[in-house]
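These notes are about the structure you will find just below.
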Amino acid sequence: MKVLLVYPRFPDTYWSFRHALEFERKKAAFPPLGLLTIAAMIPNDWERRLVDMNIEELTFEHIEWADMVFASAMIVQKESLEDVVALARLRGKKVVVGGPYVSTSAEKMPDADHIFIGEAENTFPEFLNDLNLGIARKTYKADERPSLLAAPVPDFSLVNMSKYSAMNVQYSRGCPFNCEFCDIIEIYGRVPRTKSNEQMLNELEALKATGWRGLVFIVDDNFIGNKKNVRLLMPDLIEWSRANDYPFSYITEASVNLAEDDALLQSMEDAGFRRVFLGIETTVEETLKEAQKGQNTRRDLLDAVHKIQSYGMEVMAGFIVGFDNDPDDIFERQIDFIRESAIPLAMVGLLSALPDTQLWRRLEKEGRLEGFHSGNNTDCSLNFEPKMNRDRLVEGFKSVLRNIYSPKEYYKRALDCLSRFHADRIEPRQTSMFEDLKAFSRIVMTLGIRDKARMDFWAYFFQLVRFHSRDFAHGITLAAMGYHFRLITEKYCDEP
């Protein structure tokens with residue numbers, strides 16, 4: 001049996017990082033970890049190939065080679081997924097689909113031969129057995145959330161690592177909180193499950209054996225969802241990192257209560273964590289209560305961000321406008337907090353109602369739901385009737401983006417962020433100096449010579465050299481990321 005694993009294309013959004021990746025000559029941020037995990041569960045005597053449409057085109061030749069096509073997607077990839085299914089069916093191939101989009105919108109995939117709803121660790125072996133017997137069903141739905149203790153090491157051999165800026169692994173699934181707008185708790189549950197320490201170290205060893213060095217994204221939606229297990233993991237991760245001369249630096253996502261745990265923060269710094277994404281959403285307490293994000297009302301959010309930064313970790317954060325309880329000055333409040341918190345990469349989006357979330361169900365009951373969302377919360381689209389005037393909401397949203405990604409505002413936040421790092425932290429090994437120099441020259445040529453904001457870049461550059469020489473490489477990376485965000489902002493906000 002020949003299996004072609006296909007990862008559909010992402011549109012050009014803030015999350016694509018496309019314009020920043022071009023400086024490194026990379027095509028995508030991360031490989032499709034879900035498909036790599038499924039690939040590791042395929043029988044050893046089957047042939048398998050991976051086509052990530054974010055780094056290469058899917059061709060008729062790819063399809064013709066395969067007996068079956070497997071595809072997985074998030075909501076924002078749904079149009080590309082539909083194209084993949086149509087192309088495979090046109091060539092008479094069996095199509096198997098799964099992933100977050102399919103799990104919440106299975107009715108949107110009538111043309112697929114086999115559909116997986118939910119996590120596939122238990123249902124995929126059942127499918128393989130049924131396929132062998134010739135009785136494979138249309139739909140396989142997970143009746144329970146599987147333990148991760150039997151999850152295989154992803155098949156990293158399928159990845160063309162030269163095309164990605166980072167690799168990824170997963171430690172846990174699920175989140176203990178109850179945010180109304182979140183689909184993670186609907187798909188993965190509110191009882192976080194983790195892999196064992198041995199599993200995690202085996203995955204890192206496998207990744208290291210491929211020759212990869214540099215950034216590793218621990219993709220958990222809340223890395224500290226199961227704090228007890230994370231605390232047990234960190235000593236082993238620190239020991240492994242030291243023994244292997246710190247081959248990786250890590251980024252992950254966590255809830256804001258990370259700031260309460262100094263011991264865990266210190267452990268993360270010692271292991272090589274360098275960026276954490278937080279779901280801040282808003283500073284308005286009534287809005288946080290509306291969104292059932294009570295965990296963010298129990299602490300000063302600005303202090304929490306600064307505490308995490310003090311442990312050498314850049315904070316990246318998500319913000320949302322469009323809640324029912326947003327005050328008239330919500331846009332100014334968001335701008336002020338982002339500025340004061342020194343968060344360079346602030347992902348601000350319009351509220352979207354995702355399928356099968358509590359928010360979706362409430363808005364449907366209130367008669368305010370307006371169909372499915374694109375999955376891109378920065379394209380100015382809404383799929384519900386907001387309490388605030390729609391035009392005012394969209395224009396206010398655009399005003400936030402224009403402000404925070406204007407060169408002066410962005411560079412100031414980047415410098416403020418770097419100033420919060422202490423000087424004696426360990427720096428994990430990164431990519432080769434030769435590749436770094438080539439990327440640096442491209443950044444200088446674009447931002448320092450061709451860009452309309454080149455004077456702002458040079459002012460930032462000289463501040464980096466003078467005050468943040470130890471973090472110069474990080475600062476230049478932030479400049480490249482800011483350039484991407486500015487171009488995307490201009491695209492969506494119709495700036496000249």
For the stretch 190-216, name all the residues that are of a type in the set (Asp, Glu) and under 18 Å from residue 246 (Cβ atoms).
203, 205
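Tell me which residues, restricted to the stretch 38-89, are of a type in the set (Gly, Ala, Ser) and in contact with a strand residue (DSSP E or B) (Cβ under 7 Å, 6 or more places away or on another chain).
Within the stretch 38-89, 39, 66, 71, 72, 88 qualify.
Here is a yes/no grid of residues against (1) modelled with pLDDT of 95 or more; (2) outside the structural domain of residue 259 (by TED's automatic domain parsing); (3) not basic (Lys, Arg):
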site: 367; (1), (2), (3): yes, no, yes
site: 376; (1), (2), (3): no, no, yes
site: 403; (1), (2), (3): yes, no, yes
site: 414; (1), (2), (3): yes, no, yes
site: 427; (1), (2), (3): no, yes, yes
site: 445; (1), (2), (3): yes, yes, yes
Looking only at the stretch 234-288, and only at residues there that are among the basic types (Lys, Arg) and touching a residue at least 24 places away in the same chain (Cβ under 8 Å), the one that is nearest to residue 341 (Cα to Cα):
275
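Regarding the stretch 100-115, can at least one residue be identified that is of a type in the set (Lys, Arg), in a loop (DSSP other than H, G, I, E, B) and either in contact (Cβ under 8 Å) with a residue 60 or more places away in the chain or more than 16 Å from residue 37 (Cα to Cα) (or both)?
Within the stretch 100-115, none of the residues are of a type in the set (Lys, Arg), in a loop (DSSP other than H, G, I, E, B) and either in contact (Cβ under 8 Å) with a residue 60 or more places away in the chain or more than 16 Å from residue 37 (Cα to Cα) (or both).
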Of everything in the stretch 1-51, what is of a type in the set (Asp, Glu) and within 30 Å of residue 445 (Cα to Cα)? Give them in sequence order.
12, 22, 24
What number of residues within the stretch 176-193 satisfy the criterion of being touching a Ser or Thr at 6+ places or on another chain (Cβ under 8 Å) and either free of Cβ contacts under 8 Å to residues at least 60 places away in the same chain or within 14 Å of residue 296 (Cβ to Cβ) (or both)?
6
Please give the number of the condition residue 195 fails out of (1) among the basic types (Lys, Arg); (2) buried (at least 20 other Cβ atoms within 10 Å of the Cβ); (3) within 27 Å of residue 53 (Cα to Cα).
(3)
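Evaluate the stretch 64-82: report whether one residue or more is closer than 24 Å to residue 135 by Cβ and either under 18 Å from the mean Cα position of the chain (by Cα) or assigned by TED's automatic domain parsing to the domain that holds residue 188 (or both).
yes
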I'd like to check which helices (runs of 4 or more DSSP H) are fully inside the stretch 171-261 and have at least 1 residues that are in contact with a strand residue (DSSP E or B) (Cβ under 9 Å, 6 or more places away or on another chain) and at pLDDT below 95.
184-188
Note on the stretch 311-353: residues under 20 Å from the mean Cα position of the chain (by Cα) and either of a type in the set (Val, Ile, Thr) or at pLDDT below 95 (or both) are 315, 320, 321, 338, 343, 348
Considering the stretch 317-348 alone, what residues qualify as being farther than 21 Å from residue 417 by Cα and either surrounded by fewer than 21 Cβ atoms within 10 Å (Cβ to Cβ) or free of Cβ contacts under 8 Å to residues at least 12 places away in the same chain (or both)?
324, 325, 327, 328, 329
State whether one or more residues within the stretch 294-316 are under 21 Å from residue 420 (Cα atoms), touching a Gly at 6+ places or on another chain (Cβ under 7 Å) and assigned by TED's automatic domain parsing to the domain that holds residue 243.
no
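Take the residues in the stretch 1-18 that are surrounded by fewer than 18 Cβ atoms within 10 Å (Cβ to Cβ) and either modelled with pLDDT of 95 or more or of a type in the set (A, V, I, L, M) (or both); name whichever of them is nearest to residue 451 (Cα to Cα).
Here the residue is 2.
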Condition (residue is assigned by TED's automatic domain parsing to the domain that holds residue 282, under 21 Å from residue 398 (Cβ atoms), touching a Phe, Trp or Tyr at 6+ places or on another chain (Cβ under 8 Å) and assigned to a loop (DSSP other than H, G, I, E, B)) applied to the stretch 336-349: is it met by at least one residue?
yes
In the stretch 267-319, what residues are closer than 17 Å to residue 222 by Cβ and either aromatic (Phe, Trp, Tyr) or in a strand (DSSP E or B) (or both)?
273, 275, 276, 277, 278, 279, 280, 281, 315, 316, 317, 318
Would the stretch 151-161 turn up any residue that is surrounded by 14 or more Cβ atoms within 10 Å (Cβ to Cβ), touching a strand residue (DSSP E or B) at 6+ places or on another chain (Cβ under 9 Å) and at positive phi?
no
Can you name every residue in the stretch 83-99 that is in a loop (DSSP other than H, G, I, E, B) and more than 22 Å from the chain's Cα centre (by Cα)?
91, 92, 93
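The values are calculated or read from the model by the stated rules, or taken from the named source; none is laboratory data. Note that the structure is a prediction, hence the values are computed from the model and not measured. As a convention, Cβ positions derive from the backbone with ideal geometry for all residues, glycine included, and neighbour counts pool all protein chains shown.
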